[in-house]
Amino acid sequence: MPLSVQVGVLCAVLTALGSIVGFFLKHKGAIKAPLVDAKRPIHSSIQLFKSPIYTLGCVVATTSWGFHVAALALAPISLVQSVIAGGLVLITVVADRFFGHKVTRREWIGVALTAAGLAFLAATLEGTADEAHSDYDAAIFAVTLIATTVAAVVLTFRNGTNGPALAVAAGLLWAGSDITIKALTGHDGLGLSTIFHPFAVIIVVWSLVALLISAKSLQLGPVVPVIALTSATANVLTIAAGPVVFQEPLPEDPGALLIRLAAFALVITAAAMTPPPGSELKKEVPA
C-alpha cells in the first residue's frame, strides 16, 4: 500500500474519532436549543450556535471533516469510508461511558450489526488500495447526487418530526457531499480556484443543510440510533459509490462478492432495528 494511501487511512481514523465525539457534543447542545424550524433556518442556526457546547461540537466535527477531505484526496473512497464506518463500534461505548446515555440492548445489537456489516464491506476491498481512484463518470455522478438529494428532501418534508428519518436525510446529504469531495479531488491543477468550482458550492451547501437537519434529528432522538443511522447512511452510500461512480474494482471472487452483498443486508437489518418512522419521539427538555 503506497505511503499516500496509508496517510489517507490515518486521516480516516482521525475522522471517525472526531465525528463521534462531535455528534455527542452537538446533541448535548442541541437539546437545550429551541426545536429547529425548517421555515426559519438562519434563526434556528443562530439559536443552536448560542450553545457553547454545540459550537464546540461543530468545531470538533469541522476538524474531523478536514481530515476527511484529506483522506478522500489520498485514498480510495471505499477504503476511507470503511475505516470511518469502523468507528461506529465506538458509538455505544462513548454514549454509555462518557456522555451518560442509557443504551438499550436493542441499540447495542443494532450498532453491532451495522459495524459488522461495514467490517465485511472493508474485507472485500482488495485491489482498491493501490491508488486514490478519483476518475468518475459524469453522468453516473450526476444521477447519484440528484437521487440522494431528492430522497433527502422527501424524507425531510414527509417526516419532519421523526428523528431517525431526519438522520437518514442528513446522511444522504452528507453522502452527496462526500462523493462530490471525492470527484473534486480528481480535478488536477485547480489550486486556489477550487473554492470557486461549482462542486465546492455543492459541498458547502449540502453540508450546511445536512448540519441543520442533523441537529433536529439529535433534538428529537433517540441519540444512539440517530447517530448510527446518519453515519451508516453516509458510509453505505459512499462505499457503494466506489465501484459505481469512481470505477473501483469489485471483488473477482464470487464468494467475496456475496460477502459484500450480505454486508449491505446486515446494515439494512440494523437500520430496521431503530424506531420506525411512525414512532415519533418528543424533544428532550433539559432539567
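The values are calculated or read from the model by the stated rules, or taken from the named source; none is laboratory data. Predicted model only: the values in this text are computed from it and were never measured. Please note: Cβ atoms are built from the backbone with ideal geometry, for glycine as well, and neighbour counts cover all protein chains shown.
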Given the residues VAL285, VAL204, which is the only one that is modelled with pLDDT under 80 and either among the hydrophobic types (A, V, I, L, M, F, W, C) or part of a helix (DSSP H, G or I) (or both)?
VAL285
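Please go through the stretch 22-46 and pick out each residue that is part of a helix (DSSP H, G or I) and surrounded by fewer than 19 Cβ atoms within 10 Å (Cβ to Cβ).
At the first step, the residues of the stretch 22-46 found to be part of a helix (DSSP H, G or I) are 22-30, 41-46.
If the condition is that a residue be part of a helix (DSSP H, G or I) and surrounded by fewer than 19 Cβ atoms within 10 Å (Cβ to Cβ), then PRO41, ILE42, HIS43, SER45, ILE46 are the ones that fit.
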Quick check on the stretch 34-53. Is at least one of its residues under 26 Å from CYS11 (Cα atoms) and touching a Gly at 6+ places or on another chain (Cβ under 8 Å)?
yes
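Going by the conditions given, is LEU3 of a type outside the set (Phe, Trp, Tyr) and closer than 15 Å to VAL223 by Cβ? Reasoning before the result, please.
Values: of a type outside the set (Phe, Trp, Tyr): yes; closer than 15 Å to VAL223 by Cβ: no.
Judged against the criteria, LEU3 is not a match.
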Exactly one of (1) of a type outside the set (S, T, N, Q); (2) more than 25 Å from ALA30 (Cβ to Cβ); (3) modelled with pLDDT under 85 is unmet by ALA71. Its number?
(3)
Exactly one condition in (1) closer than 23 Å to ALA16 by Cα; (2) modelled with pLDDT of 85 or more is not met by LYS39; state its number.
(1)
Output the qualifying pairs, or none if there are none: Cβ atoms under 6 angstrom, residues six or more apart or on different chains, first residue in the stretch 48-60 and touching a residue at least 12 places away in the same chain (Cβ under 8 Å), second residue of a type in the set (Lys, Arg) and assigned to a loop (DSSP other than H, G, I, E, B).
SER51/LYS32
